[in-house]
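Following: one structure in structure tokens, then a few remarks.
The values are calculated or read from the model by the stated rules, or taken from the named source; none is laboratory data. On a predicted model such as this, the values are computed, not experimentally measured, just so you know. Please note: Cβ atoms are built from the backbone with ideal geometry, for glycine as well, and neighbour counts cover all protein chains shown. Protein only, heavy atoms only, side chains kept; ligands, DNA and RNA dropped before computing areas. Shrake-Rupley method; radii C 1.70, N 1.55, O 1.52, S 1.80 Å.
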Amino acid sequence: MRRFCPSLTDLQAFEVAARHSSFTRAAQELCVTQGAVSKQVKHLEEFVGIELFLRIRQGLVLTEAGRSYLTKIQAGLGQIEAATVELIAHQGQGGTLNLTCMPTFGARWLIPRLTAFMRLRPDIHVEFLPHRQGYDFSTPELDAAVRFGEGIWPGSGADYIVGREILPVCSPRLIPGGCTSPADLLAYPLLHHTSALEGWRDWFEQAGCDTRRSLEGARFDQYALLSQAAAAGFGVALIPRCLIEDELRDGKLAVAIQLPIRARMGYYLCYPEQKANLPTLQAFRTWLMEVSRAAEPQPQEDALPSDLK
């Protein structure tokens, strides 16, 4: 089926002319005549049936329709250019995986391990898109995202990585020798992550303790800040072990009480269902799941398929 799409030459002429607000300067960039650019833009306007420019003595001015169309056209041309450069660079092998990742998890856990994937698959380049782009899989260039939660996001595949192994930690000076009872922690300030405000309540509930004071205390929007606050003596924080291995080893943080409790939330590799078979994603996912199992072996009940739990 033929696509309802104007010619790429006409679109390029429109985009360059809009950038320069001039057919003459657009012609210089494209190495064609001014008349050729003008003709290509006119052809595009006839194709869409809408005037894209106002031609005035001082130059070209985009119409409202032209301005809206330009934004979408620039994105499309950028994707075509990026895809072409990638194809040439990789000669049809491997490619680029575009990923967003929680900052602390990326810095503390994923990046230190990523060199192993690079050695295994040097033909695949992992590109970290700005985290502010979030998890909007309607954005065509986003292939996958590391998310923190319970593993249920409609329209997305989600594979557990690590993070459900949580520890109550603090400065070694705050509770020398640690606590003997979970309830003893309620005598100290509790520190919270804003994305896991139910964490302490769930922890005390599983420990068989009163949960009424579990929401009290300061809140932090990143685990990096939370661990720094705990190390500085602000109070006791509940943090995934995978993020604080260095601090535990160096003695900056100490476990307030040894109690094997698992959280409901953790880090997941998420991806849009329509990209599940993307070769670069499949390769990255296979490697990541192997690393995940080695880093945090899952209890037997976590390994069961959801329909058997």
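How much accessible area does Ser214 have with a 1.4 Å probe, in Å² rounded to the nearest 10?
That residue has around 0 Å² of solvent-accessible surface.
What Rg and what Dmax come out for region 12-55 when only alpha-carbon atoms are used, in angstroms?
Cα only, region 12-55: 9.5, 27 Å (Rg, Dmax).
What 222 nm value per residue comes from the helices of the chain, counting each DSSP H run with n ≥ 4 as -39,500 (n - 2.57) and dividing by all residues, nearest 500 deg cm²/dmol?
Theoretical 222 nm ellipticity from helices: -11500 deg cm²/dmol.
For Ala207 and Thr180, calculate 0.36 nm times their separation in residues minus their Cα-Cα distance, and state this gained length in nm to one decimal. All intermediate terms of the calculation are to be shown ahead of the outcome.
Values: separation 27, 0.36 × 27 = 9.72 nm, distance 1.24 nm.
Here the answer is 8.5 nm.
What is the log10 of I(q)/I(0) for region 8-90, computed with the Debye formula using one identical point scatterer on each Cα and no solvent, at q = 0.19, 0.21 Å⁻¹?
-0.80, -0.95
Determine which residues of region 13-36 fall in the zone a paramagnetic label at Gln74 would reach in this model, i.e. backbone nitrogen under 15 Å from the point 7 Å along Cα→Cβ.
Within reach of a label on Gln74: 13-22.
I'd like the carbon and sulfur percentage of the solvent accessible area for region 8-90, probe radius 1.4 Å, heavy atoms only, ligands and nucleic acids excluded.
Answer for region 8-90 is 58 percent, counting heavy atoms of protein chains only.
Return the Cα extents of region 165-262 along principal axes one, two and three, sorted largest first, each rounded to a whole Å.
That works out to 32, 29, 22 Å along the principal axes.
From the phi angles alone, apply the Karplus equation (6.51, -1.76, 1.60; θ = phi - 60°) to region 207-221 and give each ³J(HN,Hα) in whole Hz, x where the residue is Gly or Pro.
These are the phi-based 3J(HN,Hα) values: 7, x, 10, 5, 10, 5, 9, 6, 9, 6, x, 6, 10, 9, 8 Hz.
In region 55-195, if every C-alpha pair distance is counted and binned at 5 Å from zero, what percent goes to each bin?
Each 5 Å bin holds this share of Cα pairs: 2, 7, 11, 13, 13, 12, 10, 8, 7, 6, 4, 4, 2, 1, 1, 0, 0.
With all protein chains present and a 1.4 Å probe, how do Glu127, Glu296 order by accessible area, largest first?
In descending accessible area the options line up as Glu127, Glu296.
Report Asp143's accessible area, 1.4 Å probe, all protein chains in place, as a number in Å² to the nearest 10.
10
Give, in nm to one decimal, the length gained when the segment between Asp246 and Leu225 is fully stretched (0.36 nm per residue of separation minus the Cα-Cα distance). All intermediate terms of the calculation are to be shown ahead of the outcome.
Details: separation 21, 0.36 × 21 = 7.56 nm, distance 1.48 nm.
Here the segment from Asp246 to Leu225 would lengthen by 6.1 nm.
Over region 121-216, one equal point on each Cα, no solvent: what is log10 I(q)/I(0) by the Debye formula at q = 0.10, 0.14, 0.16 Å⁻¹?
The computed values of log10 I(q)/I(0) come out as -0.46, -0.74, -0.84.
Taking the Cα atoms of region 211-262, report the difference between the largest and smallest coordinate on each principal axis, in whole Å and largest first.
So the extents along the principal axes, rounded to whole Å, are 33, 24, 17.
Over the chain, with a single point scatterer placed on each C-alpha, what log10 of the ratio I(q)/I(0) does the Debye formula yield at q = 0.12, 0.15 1/Å?
One equal scatterer on each Cα of the chain leads to -0.88, -1.14.
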